[in-house]
Amino acid sequence: MSALGKAFELNYEPREAFIPFHQRDRQFAVLVCHRRAGKTVACVAELILRALYSQRPRAKFAYIGPYRQQAKETAWEYLKDMSAGFIKGQPRESELRIRLPNDSTITIYGADNPNSFRGLYFDGVVVDEYGDIRPTLWNEVLLPTLLDRNGWAVFLGTVKGKNHFYRMYEKAQHDSEWFSIMLKASQSGILSNRAMRLAKREMTDESWQQEMECDWNAAVPGTYYAKIIAEIETKGQIGNFPHNPALPVYAAADIGFTDSTAFWFWQVDENGPVLIDYEQDSAQEMSFYFKMLRDKPYEYDSIYFPHDAKATSFQTGRTTVEQFIRQGFPVKPVSKQKRQHGIDAARMMLPRCRIDQTHCFAGIEALRAYRRKFDEKTQQYSDIPFHDWASDGADAFRYFALTTDSEFKPSDEFDDEPAELAAPNYTLDDLWAARDDEWRSKIIRL
């Protein structure tokens, strides 16, 4: 029976392992489940049930995956099938939204554009494969959408090393506001013995431990830096390493015009480089980054940009480098290098770094998640990095590694730029005249 006083038959029969999840009284929940446990089905059913019982007018609920298309393929058909027979009107295919009889809505979103959530409100959200989503999405973007509605949130996924999903699960086990559950294939009773024997025979031991036994310590296939991050964490090289006002600050950035822009900030003391800060944002004007850099209490020695930052912007007629130099920043473009060369440099530099855990949390998680692209046809990892939210932070770290030599001093791996770029001294008439002269010279050569 729903809050409307009408009976609705939901096309869903919960598995025994998920009954405690549906009966919980906690505002937040974390589900760590093996493959084919049924976590997506359970969470879609949870969305529908809570939306039907909502007493709020125009209540909004969301299912969020790493990418909108991925979330659609994972949950859209389940959402339509379970609610068939009592949804209001027809499913909105273009918006991936259904409306229920009490005017509550459930919409499927992708997390790859965090700014698309700003200004929205939700009464409840399900965040799928949270380990594949940028870690700041929760506290900076989604949590504010729930606050005034006292909304709830569920995070689910499979294990992929001790990343931010791991930290959220650890938090849930010790916080009275959180519910948590872990379902291992060997303990859940969901898969048959035959199915598990078949899977174990076909999977590598690392994949089995990670995806089926929910082992946070299992190696994550295809990652570039995850093992190194784990090693330096164990050695205490990730911890409290704050800014030292007595030392200059260096920065390396990956500038994105359609993707995110990421900045790493570091200093160098007698023991080597200390990464003290990290910033990442998307869909922002240049003025946003000018202000961000000025607002920090840093004395900048050099700010390194990728070589393509010297390309002229169609919108401004100036290069990115020129725009920052005109704002008074000491910019130096990194010379063009093969990506693999930079990845190798990052692998060599990372074990010698100390990283501030508080200010660099999102950057650390980006390095941990950065991985090679998986080829579905060959069933192998390629030499090409997989492009997702982690790519920009990893690319900015690569520029840091390329600009720091073995003695931790800024190297010569950058292109010289003039300290000040003068405005071009020509008029539109000059440009037209130059064009006419060029055409005439071509005709003469012909």
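The values are calculated or read from the model by the stated rules, or taken from the named source; none is laboratory data. The shown structure was predicted, so the numbers you read here are calculated from the model rather than taken from an experiment. Methodologically, a virtual Cβ is constructed for each residue, glycine included, from the backbone with ideal geometry; neighbour enumeration extends over all protein chains shown.
I'd like to check something: does segment 137-149 contain any residue that is under 25 Å from Arg50 (Cβ atoms) and assigned to a strand (DSSP E or B)? Within segment 137-149, not a single residue is under 25 Å from Arg50 (Cβ atoms) and assigned to a strand (DSSP E or B). Considering only helices (runs of 4 or more DSSP H) fully contained in segment 353-446, which possess at least 2 residues that are in contact with a helix residue (DSSP H, G or I) (Cβ under 7 Å, 6 or more places away or on another chain), aliphatic (A, V, I, L, M) and modelled with pLDDT of 90 or more? Once the helices (runs of 4 or more DSSP H) in segment 353-446 are filtered for at least 2 residues that are in contact with a helix residue (DSSP H, G or I) (Cβ under 7 Å, 6 or more places away or on another chain), aliphatic (A, V, I, L, M) and modelled with pLDDT of 90 or more, what remains is 361-369, 391-402.
Of the residues examined, Ala199 is not one that is assigned to a loop (DSSP other than H, G, I, E, B) and not assigned by TED's automatic domain parsing to the domain that holds Phe374.
Of all the residues in segment 116-130, those that are in contact with an Asp or Glu (Cβ under 9 Å, 6 or more places away or on another chain) and outside any loop (DSSP other than H, G, I, E, B) number 2. Segment 219-300 holds strands (runs of 3 or more DSSP E) entirely within its bounds, and those carrying 1 or more residues that are farther than 21 Å from Leu350 by Cα and polar (S, T, N, Q) map to 260-269, 272-282.
If only residues of segment 198-214 that are at pLDDT below 95 and charged (D, E, K, R) are counted, the one that is farthest from Gly363 (Cα to Cα) is Arg201.
The rows are residues; the columns are (1) crowded, with 20+ Cβ neighbours inside 10 Å; (2) modelled with pLDDT under 95.
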residue	(1), (2)
Pro221	no, yes
Lys235	no, no
Ile255	yes, yes
Asp281	no, yes
Ser287	no, yes
Lys291	no, no
Lys296	no, no
Asp308	no, yes
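Filtering segment 151-164 down to residues that are modelled with pLDDT of 95 or more and of a type outside the set (A, V, I, L, M), which residue is surrounded by the most Cβ atoms within 10 Å (Cβ to Cβ)? Result: Phe155. Restricted to segment 35-61, and to residues there that are more than 29 Å from Leu191 (Cα to Cα) and either of a type in the set (Gly, Ala, Ser) or modelled with pLDDT of 95 or more (or both), the residue that is farthest from the chain's Cα centre (by Cα) is Ser54.
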